[in-house]
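Taking it in order: structure first as structure tokens, then the write-up.
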Amino acid sequence: MIPVAFDYTKVNTVDEAVAALVSGGEDAKIIAGGQSLMPVLRLRMAAPEVVIDISDVAEMQGVSDAGDAIVIGAGTTHHAVMNDPLVKTHAPLIAMTTETVADPQIRHRGTFGGALAHADPAGDLPAAAVALDAVMTVAGPDGRRDIPAKDFFVDYFTTSLEPEDILVSIRIPKLGEGWAYHYEKFNRTAQGWAIVGVAAAVKRQNGSIEAARIGLTNMGPGPVRATSVEAALAGAAASDDAIAAAAENATDGTRATSDLHAKADYREHLAKVLTKRAVAKAAGV
Amino acid sequence: MTEVLDTSTPMGRPLKRKEDARLLHGQTNWTDNIQLPGTVHMAILRSPMAHAKITKLDVSGALDQPHVVAAYGAAELGDLNGAIPCVWPVTDDIQMPPFPALAVDKVRHVGDAVAVVLATDKTAAYDALEAIDVDYEPLPAVVDMEAALQPGAPLVHDGEGAPMSNECYTFPLPGTGIPYDEAKAKADVVVKRRFVNQRIIAGYMEPRAVVASPMGMSNEMTVWSATQIPHILRVLLSLVTGLPENALRVVAPDVGGGFGGKLQLYREEILAVQLARHLGRPVKWTETRSEDMVASHHGRDQIQDIEICATKDGKLLGLKVDLLADMGAYLQIITPGIPLLGMFMFPAIYKMESYDFNCVGVFTNKTPTDAIRGAGRPEATFAIERIMDELAAELNMDPMKLREMNWIQHEEFPYATIAGLTYDTGNYEAATAKAMDLFGYDELRAEQEARRASGDPVQLGLGISTFTEMCGLAPSRTLGALKYVAGGWEHCTIRALPTGKIELITGTSPHGQGHETAWSQIAASILGVEVEDIEVVHGDTGRAPYGMDTYGSRSLAVGGQAIKKAAERLVEKAKVIAAHQLECSVDDLEFVDGAFRVKGDPEKAQPLAAVAFEAFSAHNLPDGVEPTLQAEATVDPDDFSYPHGTHLCAIEVDTETGKSTIRKYVCVDDVGVQVNPLIVEGQVHGGLAQGIAQALYEGVEYDEDGNLLTASFADYLIPSAADLPSFVTGTTVTPSTTNPLGTKGVGEAGAIASTPAVINAIVDALRPMGVTDVLMPASPQNVWRAIEDAKGGAA
Ligand SMILES: Cc1cc2nc3c(=O)[nH]c(=O)nc-3n(C[C@H](O)[C@H](O)[C@H](O)COP(=O)(O)OP(=O)(O)OC[C@H]3O[C@@H](n4cnc5c(N)ncnc54)[C@H](O)[C@@H]3O)c2cc1C
């Protein structure tokens, strides 16, 4: 459809962006890649009066090394993220997950920060962010603050960002040696959204699994950290049977919903199967 | 077998399409690109409810909005509110309720048109819709066909002259063969199944668009529309609006796909013409995709109760077909006829003694249905090919063997079928042998066995579809007997211009099929000129004498005959002129490589181009020969033609998730003589994609209140190349005898054949688990549930 008319402004710094949000109030909206916002506007599900384009904010672009973590600018496109050497080295799970997002055209426009801020329950990146204990750096009228990923995602399409906040960058702690990763995405068409997705990081030692971190996509209003599975895997044998047994806990703490592509019971079934597969693939079993 | 290619003419050569460079470089002329001075843009307010009374409609608020020129509801529109006619009243007592362009008092499906705004700015027109004040009093909606037929069900139409039930019509086929009960009494095995052929959306790339301009030559109204049927549209628009047909010119410029979805007279076309006339300025409308999903006709949507009976050795005895066909809320132009196109095809390629058919058309509060690629024939093919597999399973027979036992042998053609058709030609044995070879059937069966034995979570299934279809719509008399209002002939005019170029004017109206290339190949072969020297003119009632447009795989099978005849007539006339110029008798001339040569004296020759100039200057023509070199032909086919083919699908089904992945897809199609094998292959690929999509991805879903759930391409899934396998395609060539080119149709073949091949493969993979059917689209969830249900059933 056709959006309601709106004003457009392009900012050059984070401060300008926050100022624009403050002056625009409720009727202002950030646009990054526009891949989620434009559909919302076109369907007239939102009608902001002003749209603030942050794609020229230099500070929000690119990836840097911060010692024990890497920092990804919120405005970095999916394409740039998944091809970035720092991401590939220190946060391969982010690169793997990003590769499954949409299609190449959308990945050239859509941004890492936009995907997290939009908080679509079917979005792939929030699960990877919670699995890796990412930390969001946010700027608002009162300055900057950090929000851990587990506190960032609040509900369907809702984060703990205040209306005048902007997500500046995302810190991804380096997990160090010995970890291996896999994102298992289940969808119907190649460029489709996840019906269920499982982001897994597994540390192997000898024949067993020392530690695991699991994030689930689309098993509730936001990403879910599958802590029961993680607990069951810690110290378990790196075998099909042990992994399958641990994966049976995948629905703990989830709130699966029903939609066109999957009813809740099917989602729950998938969560178990896909967790088993994600962990097995990450663990090389 | 080596196929020898005759390279002396362009016929049969896999030429790249000459229209493609233009299409791919964006040098196209879509309807939405047309910008006329003074244009007003039309936007339509659509019902958000499936069934409701309009208790208040006040459009005056829209008039206060910027750039708005006019706004109308049905009341303001008055006599300008045309109604869409149904031109296929399939029975004498069919209920044909009114279908006004703007809804009057009541809305009957989500997307029903309620009001219209015209503004000088397109976005302003959309904005102004929000200023229209409308109140609805919701009424209970009927969504499910069986519920719609229950006594006491809410009525979709209950006004004056409207039906008192939701039954649109009941069409029984006058009995053929022995009575079905007799066949059944002789049978050892009876298999009965219910199949649901789901609702689908055409999903063309270019949305619908129309521009109506009252500023043509003299009093002419010019209508550009993204349509498959400019000629039929002109007749219908004239009938509906009262504009004299000779004052209407309809142009289908470049059209980006149709798949039957643009074989229609749509309410927006009526409104654009009426309002352009009323306001005296051009009116333009281009739909959004969201509108297309609710407002353009849908297709399929049948519940099929199928019973087949056979001897214990597998000899077919009889087939009984009971259909419920969803019409949706209104009848579009040929809505009721679609299932009847399938009626003839249920017996397919098989011989049997009895065939029973009954179809009930049902009104529901959903978008109207009508033709989508295959129109009736995919439904029939799906049912028969599915039940053949079920019968084979019941008989514990290989499904291909069962088919071989029962199909018409190649030496039996022409064959009068139990459904009353006469199949022209075919060779099912040859196509099947070739397909089985390309597929590696035995190896795949062995792998299937191994996977079953090892309990592999990924099971392998093999699906077969040996299909035929009737295409080349159609002998006009046959259409008349079926109560279709129009005929099925086609026209062609060919002009040899004084500069030697050829203008070929066809009544067909391509929208992606490659007619410009294929038609040029036919004419060039007869006229002895280069393909590049021929310009194909199409889709314009102002340039073409007449035509019947493009649908039903008819363009080549029917239109091709007209091209051939016109070209031959042109050569005939040219020969008379050439003989006069060369001072010899017509009989002394031969026509070789585009020139008339005196037999035995090849030096004495006159090329066609020179004859064309003589015919133009007319300085020295034989007595009684009229100036100009042109010829025309209008051809009404004697009969349909019947392409066929064998499609084989190997599919891997992940029994843990329910996801199906096509491992190998082989098809060998016989579409008769091929004018351009590359285009044939392209049509097959596109058709396969669409048919496989119905099997695995596409499906319109409504909730119980009649809200469309699959209202965008995020929810209505259309596969891309990434989701489909690399197809292995082959052909056999059994020329048709119903047209002099020996061609059949290919536009719908892939879409008709592939759907049951895929579903048969999935069921074959899961049969040992007790699965005997899976709902389409066979999404992972549907397959998983079929497995779970079978487990439950076994317990
Ligand atoms: C067809 C299609 C398929 C897709 N498939 C997938 C998929 O499979 N998996 C997946 O994960 N995603 C998918 N996406 C979404 C894609 O990842 C988007 O790019 C992403 O969700 C949004 O990023 P963006 O930069 O385009 O954000 P925008 O659309 O510009 O913004 C989205 C929202 O976030 C807000 N926002 C953006 N940046 C910031 C910021 N820095 N600070 C505060 N708020 C901000 C905006 O105000 C807006 O509300 C798909 C999108 C499309 C169109």
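The values are calculated or read from the model by the stated rules, or taken from the named source; none is laboratory data. If you're wondering where the values come from, they're calculated on a predicted model, not measured in any experiment. Glycine gets a Cβ as well: all are built from the backbone with ideal geometry, and neighbour counts include every protein chain shown. In case anyone asks, the SASA skips ligands and DNA or RNA and just uses the protein heavy atoms, side chains included. Shrake-Rupley method; radii C 1.70, N 1.55, O 1.52, S 1.80 Å.
Of all lysines in the structure, those lying under 28 Å Cα to Cα from B:K575, and not within fewer than 8 positions of it along the same chain, are B:K501, B:K564, B:K565, B:K599, B:K604. Reported to the nearest whole Å, the Cα centre-to-centre distance from segment B:452-512 to segment B:231-246 is 26. Can you pull the semi-axes for chain A, root of five times each eigenvalue of the Cα gyration tensor, sorted largest first, whole Å? Over the Cα atoms of chain A, the semi-axes work out to 33, 21, 15 Å.
Exceedance of the 18 Å cut-off in Cα-Cα distance is limited, within the set B:K664/B:K744; B:K315/B:K744; A:K174/A:K203; B:K315/B:K351, to B:K664/B:K744; B:K315/B:K744.
A simple rule links phi to the HN-Hα coupling: the Karplus curve 6.51 cos²θ - 1.76 cosθ + 1.60 with θ = phi - 60°, which for segment B:63-77 gives 5, 7, 7, x, 6, 7, 9, 7, 8, 9, x, 4, 5, 5, 6 Hz, with x for Gly and Pro. Rounded to the nearest 20 debye, the dipole magnitude of the protein assembly as shown is 840 debye, with +1 charges on Lys and Arg beta carbons, -1 on Asp and Glu beta carbons, and the Cα centre as origin.
Within the straight-line cut-off of under 13 Å between alpha carbons, the aspartates and glutamates reachable from A:K281 are A:E184, A:D240, sequence neighbours fewer than 8 places apart in one chain being disregarded.
Applying 1/(1 + (r/R0)^6) with R0 = 56 Å to the Cβ-Cβ distance of B:V458 and B:D58 gives a FRET efficiency near 0.40. Taking every alpha-carbon pair under 8 Å whose residues sit at least 6 apart, chain B reaches a relative contact order of 15 percent. Express the relative contact order of segment A:63-173 as a whole percentage, based on alpha carbon pairs under 8 Å and six or more residues apart in sequence. After rounding, I find 30 percent. Overall, segment A:63-173 carries a charge dipole of about 260 debye about its Cα centre when +1 sits on the Cβ of Lys and Arg and -1 on the Cβ of Asp and Glu, all other atoms neutral. In units of the rule-of-thumb radius 2.2 N^0.38 Å, the protein assembly as shown shows an alpha carbon radius of gyration of 1.02. Working note: Cα gyration tensor of segment A:63-173, eigenvalues times five, square-rooted, sorted largest first, giving semi-axes of 20, 16, 13 Å.
Spin-label model, A:A244/B:H25: points 7 Å from Cα along the beta carbon direction are separated by 6.0 nm. Over all pairs of different C-alpha atoms in segment A:138-239, the reciprocal of the mean inverse distance, the Kirkwood hydrodynamic radius, equals 15.9 Å. Taking Rh as the Kirkwood radius computed over C-alpha pairs, what is the Stokes-Einstein D of segment A:7-53 at 25 °C in a medium of viscosity 0.890 mPa s, expressed in µm² per second? Value of D from the Cα-based Kirkwood radius: 228 µm²/s. For an R0 of 51 angstrom, estimate the FRET efficiency from the Cβ-Cβ distance between B:R445 and B:A416 and round to the nearest 0.05. My answer for the efficiency is 0.90. A Stokes-Einstein calculation at 20 °C with viscosity 1.002 mPa s, built on the Kirkwood radius of segment B:217-331 over Cα pairs, returns a diffusion coefficient of 124 µm²/s. Segment A:179-283 has equivalent-ellipsoid semi-axes of 24, 13, 11 Å, by the square roots of 5 times the alpha carbon gyration tensor eigenvalues, sorted largest first. Separation of segment B:757-795 from segment B:247-287 is 45 Å, based on Cα centroids. Taking θ as phi - 60° and the Karplus parameters 6.51, -1.76 and 1.60, the scalar couplings of segment B:705-711 work out to 8, x, 7, 6, 8, 8, 9 Hz in sequence order, x denoting glycine and proline. The 3J(HN,Hα) values that the Karplus relation (6.51, -1.76, 1.60; θ = phi - 60°) gives for segment A:230-239 are, in residue order, 4, 5, 5, 7, 4, x, 6, 5, 7, 10 Hz. Gly and Pro appear as x. Between B:Y546 and B:D587, full extension at 0.36 nm per residue minus the direct alpha carbon distance yields a gain of 11.4 nm. Summed over both chains, the area buried between A and B is near 2300 Å², taken from the accessible surface of protein heavy atoms with a 1.4 Å probe. Here segment B:1-76 exposes an accessible surface that is 54 percent carbon and sulfur, computed with a 1.4 Å probe and the other protein chains kept in place.
Each principal axis of chain B carries a Cα extent, and these read 92, 74, 47 Å when sorted largest first. State the Cα centre-to-centre distance between segment B:79-109 and segment B:631-662 in whole Å. So the two Cα centres are separated by 34 Å.
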